[in-house]
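Reviewing the structure listed below.
The values are calculated or read from the model by the stated rules, or taken from the named source; none is laboratory data. Please read all numbers here as calculations on a predicted model, not as lab measurements. Don't worry about glycine lacking a Cβ; one is built from the backbone with ideal geometry, like all the others, and counts go over all protein chains shown. Side chains are part of the model used for accessible areas, which takes the heavy atoms of the whole protein and leaves out ligands, DNA and RNA. Shrake-Rupley method; radii C 1.70, N 1.55, O 1.52, S 1.80 Å.
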Amino acid sequence: MCKCAPEEIIHCNRSGLRALPAEIAASTTSLNLSNNYLRILTTSTFRNLTFLHSLWLDGNNLTFLSPGTFHALSKLRELKDSI
């Protein structure tokens with residue numbers, strides 16, 4: 001289960017996610033997806049999150065990133081991962 005505090009900051013860490021929840025608001029600026037079961041990220045994964053400036057992906061089993069996965073994230077300034 002993801003927690004919002006405030007609405008633009010979403011904490012989905014340790015939520016057992018295998019994919020990004022569809023209900024993540026487009027206005028999200030910070031998204032923590034750490035320690036889940038994400039494996040594949042594609043160009044459509046983050047396409048609606050154009051305001052995102054912080055993204056945490058560490059502790060997942062990422063095995064494939066499509067070319068252009070982060071293309072829509074022009075405001076992204078912080079990426080924490082274990083790739």
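What trypsin sites (Lys or Arg not before Pro) in the chain are in a loop by DSSP, with at most 10 other Cβ atoms within 10 Å of the Cβ?
Passing both the DSSP loop test and the Cβ count: ARG77.
Which order do ASP58, ASP81 take when ranked by solvent-accessible area (1.4 Å probe, heavy atoms of all protein chains), largest first?
ASP81, ASP58
Quick one: accessible area per residue over the chain, 1.4 Å probe, rounded to a whole number of Å²?
Accessible area per residue: 61 Å².
Counting other C-beta atoms within 10 Å, and keeping those with at most 15, which DSSP coil chymotrypsin sites (Phe, Trp or Tyr not before Pro) do you find in segment 32-69?
Taking segment 32-69 and a limit of 15 other Cβ atoms within 10 Å, the loop chymotrypsin sites (Phe, Trp or Tyr not before Pro) found are TYR37.
Net charge within 15 Å of LEU41 by Cβ-Cβ distance, Lys/Arg positive one each and Asp/Glu negative one each, not counting LEU41 itself?
Once all neighbours under 15 Å are counted, the net charge is +2.
So what is Rg over Rh here for segment 1-69, counting just Cα atoms and using Kirkwood for Rh?
Taking Rg over the Kirkwood Rh, I get 0.93.
Can you grab the distance from the C-alpha centre of segment 1-32 to the C-alpha centre of segment 48-73, Å, no decimals?
Centre-to-centre distance over Cα atoms comes out at 13 Å.
Taking the Cβ of ALA26 as the centre, find all other residues whose Cβ is under 12 Å away and add up their charges (Lys, Arg: +1; Asp, Glu: -1).
Around ALA26, the charge tally is -2.
Contact order normalised by length for the chain, with contacts defined as Cα pairs under 8 Å and 6 or more residues apart; what percent is it?
26
Which percent, nearest 5, of DSSP beta bridges in the chain are antiparallel?
Here the antiparallel bridges make up roughly 15 percent for the chain.
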